[in-house]
Amino acid sequence: MKRVEIAPNLVIATLWADALNAAGMRAEVFSRYLTSIAGEIPPDQCDPAVWVMDDNDLAGARQLVRELRTPVRGAGWTCPECGERHGAQFAQCWNCGHSHPTSTPG
């Protein structure tokens, strides 16, 4: 079991753990509720942390979390079906459900 990253809050830690689990890396969030005792123990010990259960997943887990922390940049796109404008991070039109023109079907 290895610590991947300390998260700024429980919501982010849970999102990271869910993404790791979805990628096939068994992950857990520890120190979920310690923020309420910050001051009694050092604040840096109170933040939630994401851990992988298999030591061999550590490098891949850290890479995935790094990608999750980096916002998607690039040009937006316009849906060829309905003309709705979207940011680069979206792979599907929220309005009509049409896939991004360059996305590969999964």
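Taken together, the values in this text are just the output of simple stated rules run on the coordinates, not laboratory data. Since the structure is predicted, the reported quantities are computational estimates derived from the model, not experimental observations. Here the Cβ positions follow ideal geometry from the backbone for every residue, glycine too, while neighbour counts run over all protein chains shown.
Dipole magnitude of segment 7-106 about its Cα centre, charges +1 at Lys/Arg Cβ and -1 at Asp/Glu Cβ only, in debye to the nearest 20? Working shown, then result.
Working: 7 positive and 11 negative charges, 66 e Å.
Charge dipole of segment 7-106: 320 debye, to the nearest 20.
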Given the convex hull over the Cα atoms of segment 6-106, what projected area results after averaging over all orientations, in nm²?
8.6
From the helices alone, meaning DSSP H stretches of at least four residues, give me the mean residue ellipticity at 222 nm for the chain, per-run term -39500 (n - 2.57), in deg cm²/dmol to the nearest 500.
-7500 deg cm²/dmol
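So if the hydrodynamic radius of segment 37-88 is defined as the Kirkwood radius over C-alpha pairs, what does Stokes-Einstein give as its diffusion coefficient at 10 °C and 1.306 mPa s, in µm² per second? Before the final figure, lay out each step's value.
Working: Rh = 15.1 Å.
Result for D is 105 µm²/s.
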In segment 1-60, the chymotrypsin sites (Phe, Trp or Tyr not before Pro) that sit in a DSSP loop and have at most 16 other Cβ atoms within 10 Å of their own Cβ are Tyr33
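How charged is the neighbourhood of Ala61? Take every other residue with its Cβ under 14 Å from the Cβ of Ala61, and add Lys/Arg as +1 and Asp/Glu as -1. Spell out each step's value before the answer.
Working: positive: Lys2, Arg3, Arg26, Arg62, Arg66, Arg69; negative: Glu5, Asp18, Glu28, Asp54, Asp55, Asp57, Glu67.
Surrounding charge for Ala61 is -1.
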Relative contact order of the chain, please, whole-number percent, based on alpha carbon pairs below 8 angstrom and at least 6 residues apart.
24
